[in-house]
Amino acid sequence: MSKVKQCQSCGIPLDKKTPNGTEKDGSLSEKYCIHCYQNGEWTMDLGFDDMYDYNLKRFKASDMNRVSKFFLKKMYTKKFMSKLDRWRA
Ligand SMILES: [Zn+2]
């Protein structure tokens, strides 16, 4: 399996600004970001729709430029999010 570069819960790219989450033993999660997953648990126990709304707000509030935000609005759909590992089951 190739390394996942996108959080499989919220879909945000994993990079310096959005580090990986952590497992119970303190190791880094390969799948999820620090906002979604810490110490082996979800930081927020939200359902799909609530999580989507929350993520959208968070992305809009981040320091992305306006072009990125424009694309995000087009790309970041529920369909996109439903394909991530956390929501696929
Ligand atoms: Zn995430």
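The values are calculated or read from the model by the stated rules, or taken from the named source; none is laboratory data. All figures in this text were calculated on a predicted structure; none of them were measured in a lab. Note that we place each Cβ from the backbone using ideal geometry, even for glycine, and neighbour counts take in every protein chain shown. Just so you know, the surface numbers come from the protein's heavy atoms only, side chains and all, with ligands and any DNA or RNA stripped out. Shrake-Rupley method; radii C 1.70, N 1.55, O 1.52, S 1.80 Å.
Numbers for the structure displayed
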item	result
Every pair of residues 6+ apart whose Cβ atoms lie under 9 Å, when the first sits in segment 69-89 and is under 13 Å from Pro13 (Cβ atoms) while the second is among the hydroxyl-bearing types (Ser, Thr, Tyr)	Tyr76/Tyr52; Leu84/Ser9
Qualifying positions in segment 41-68 - open to solvent by 80 Å² or more (accessible area, probe 1.4 Å) and among the polar types (S, T, N, Q)	Asn65
In segment 29-38, the residues that are open to solvent by 70 Å² or more (accessible area, probe 1.4 Å) and touching a Ser or Thr at 6+ places or on another chain (Cβ under 6 Å)	Gln38
Asp63 more than 9 Å from the ligand (Cβ to nearest atom) and modelled with pLDDT of 85 or more	no
Some residue of segment 2-18 being buried (at least 16 other Cβ atoms within 10 Å of the Cβ), near the ligand (Cβ under 9 Å from one of its atoms), without any contact (Cβ under 8 Å) to a residue 40 or more places away in the chain and more than 18 Å from Met64 (Cα to Cα)	no
Test result for Gly11, part of a strand (DSSP E or B) and under 11 Å from the mean Cα position of the chain (by Cα)	no
Count of segment 35-53 residues which are under 16 Å from Gln8 (Cβ atoms) and out of contact with any His (no Cβ under 9 Å at 6 or more places or on another chain)	11
Complete set of residues in segment 19-28 that are touching a strand residue (DSSP E or B) at 6+ places or on another chain (Cβ under 8 Å), more than 9 Å from the ligand (Cβ to nearest atom), open to solvent by less than 80 Å² (accessible area, probe 1.4 Å) and not charged (D, E, K, R)	Pro19, Asn20, Thr22
Search result, residues across segment 44-86 that are out of contact with any Ser or Thr (no Cβ under 8 Å at 6 or more places or on another chain), part of a helix (DSSP H, G or I) and among the aromatic types (Phe, Trp, Tyr)	Tyr52, Tyr54, Phe59, Phe70, Phe71, Phe80
Segment 29-50: number of residues that are under 12 Å from Arg86 (Cα atoms), more than 10 Å from the ligand (Cβ to nearest atom) and in contact (Cβ under 8 Å) with a residue 12 or more places away in the chain	1
